[in-house]
1. What's the number of the condition residue 484 fails, among (1) modelled with pLDDT under 85; (2) surrounded by 14 or more Cβ atoms within 10 Å (Cβ to Cβ); (3) under 32 Å from the mean Cα position of the chain (by Cα)?
2. Give region 522-547 a look and list any residue that's touching a strand residue (DSSP E or B) at 6+ places or on another chain (Cβ under 7 Å) and at pLDDT 90 or above, or say none.
3. Any idea which of 156, 161, 186, 152 is modelled with pLDDT of 95 or more and more than 20 Å from the chain's Cα centre (by Cα)?
4. (1) buried (at least 20 other Cβ atoms within 10 Å of the Cβ); (2) part of a helix (DSSP H, G or I): which one isn't true of residue 154, the others all being true?
5. So, in region 487-504, exactly how many residues are buried (at least 21 other Cβ atoms within 10 Å of the Cβ) and touching a helix residue (DSSP H, G or I) at 6+ places or on another chain (Cβ under 6 Å)?
6. So, in region 105-145, exactly how many residues are under 24 Å from the mean Cα position of the chain (by Cα) and closer than 19 Å to residue 156 by Cβ?
7. Residue 170 fails exactly one of the following numbered conditions: (1) at pLDDT below 95; (2) in a loop (DSSP other than H, G, I, E, B); (3) within 29 Å of residue 74 (Cα to Cα). What is the number of that condition?
8. Could you please find all residues in region 138-149 being modelled with pLDDT under 95, out of contact with any strand residue (DSSP E or B) (no Cβ under 9 Å at 6 or more places or on another chain) and part of a helix (DSSP H, G or I)?
C-alpha cells in the first residue's frame, strides 16, 4: 500500500489531465467546457437547488419551466448532490463556473476511486495510477464529459467493489461496510438515478457469476449477500425524499427507440474514433462509418490495451478470478450492444440478449451504451493487475495503452450570457414574473442558463431540461421546437401553444433562424428589439411599462 503522498500524486495528476483535456486554458466563468445545449440545463439545475431552498420551494418540482404544468425533476437529469456541493461557487461565480468546475472534477473522482481499488488489488502505485487513468479517462467517461454532467460521475462502482473486497477478506467491519456502501449508493443516486439503478443491476450480476464461478468463495459470498441487501436498504432510506417523489408519478419517458439507438459500437476496439488524439482521419472515418454513431457509443480501447488483455489471458487465464473477470466483462459488453445489433450505421434485424429487458419498468429505459462504464472498470482492473505482475516492459505497454485512448482537447465556447437577462433588467421592460417562450429551441438557445442568470425572475413556457413532460406532447409546436422542424403550420401551432399556456411574450434570440423569425412576424404580433432580442407581444398579454407600450404600439 502507498502512503498519503501517492494519493496526492494521483489527485494532482488526474486533475492536471482533466484540465488539459476539458479546459486547456479557457476561463472558468467566461466559457463553456463542452458541446451542445445540455450544459445549460445542468447550469439551471446547479442554480435551481440553492434558489429553491432559499425561497422555501420544493426543489424536486420545477414550477418555473414547462408552464402551466411544471415538471418532476426526479425524472430529469437534475443533480441535487452536485447542486448543493457547488452552491458556494454557483452563488459567487455563477452557474457557468459551477458547471465547469463540477465537470472538471468528474474524471478526477472516477479515476481516484479506481486508483484506490487498483492499489488495493495490486499494491503497486504506478500500476494503480495507470488503472485509474484507464477508467477515469476512458472513452466513455470523456464522451460524457462533453456535456452530460450526471453521467460523468462514475465513482460508485469502484468504491463499492473496494468495499466488497475489503469485507470479503475480513479487513473491514460489517457496520463500516454497510454504512460506506449506503452512502456511496445514495450519493450516486442524487447525481444520476440511472447510474444508481444499473450499478445495482450489474452488482447483482457480478455476485451471481461469482457464486457460480468462484466455488472457493461461496461461503463468504453467501454471508455477504444479506450485508449487501442491508446496504441497499440503507441507501433507499437516504434517497427516500427523491424516490418518493419519483414513485408518486412520472411525467417524462425515454423514447422507445433510444435503447436501440444508444447502443455500443465496437469499431473503436481497433480503429480509433475521431475523438482520440492519435487517430488519423482515414482510420477514424473507417471506424465511425462501419460501427460508430455518437462519441458516447464508441468502445475505444486501442491495440496496446487489447494486447495486454490477450497476454493476461495467456499467462494467468487459468486462475479462477481472472476467468471470472473476463466472463463478467463479456456479459457487460454483450449487454451494451443493446436490443439489436448495429452495423454500418443501421440497426440490423439481429436480436441480442438485452431485448429481453427493454419492456421492463425502469430498467427498460436504461441506455445500453452506458454499461460501458462497468466494462471500462474491469478493463482497467485487469490491465493494472497485469502491469503489476511483471517486468518493466509491461509498464511501457501500459503507458502506450494510456496514450492510445488519450482524447483530443474538448471543444470550448464562450459562455452566452445576455444583457437582457441580467437580474432585474428583463423585468424593467416586461414587468415582474413574465411568462416567456424563448426561440429557437433546445439545440440553439441557452434559455435555461438565461433563466438561472435572471435569478429565476421569469416563467418559461418550455425550458429544456431533457425530455418534455407528457402533457406538452399534444401541442405540435413543442415537437416542432424540440426537433428544429419548420412545417407550414408552424406559426399557427406556435400561436395555439402560447394561448393555451398563457404565454405573455415570445422572445426570439439573436441566433434564431430567418425562416422561424419570419414565421412569427407573419402573425402580426407587436414586436420590439431589446438588447438584440426580438420581443413579440402575444395578443391578450399585458404591457407593463409605458416605454414598451409606446414602442410596440408604434
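1. So the condition that residue 484 fails would be (2).
2. Passing the criteria: 525, 526, 527, 528, 533, 534, 535, 536, 537, 538.
3. Sole residue among the options that is modelled with pLDDT of 95 or more and more than 20 Å from the chain's Cα centre (by Cα): 161.
4. (2)
5. 2
6. 27
7. For residue 170, the failing item is (3).
8. 141, 144
The values are calculated or read from the model by the stated rules, or taken from the named source; none is laboratory data. Fair warning: this is a prediction, and the values are worked out from it, not measured in the lab. Neighbour counts run over all protein chains shown; Cβ positions are idealised from the backbone, glycine included.
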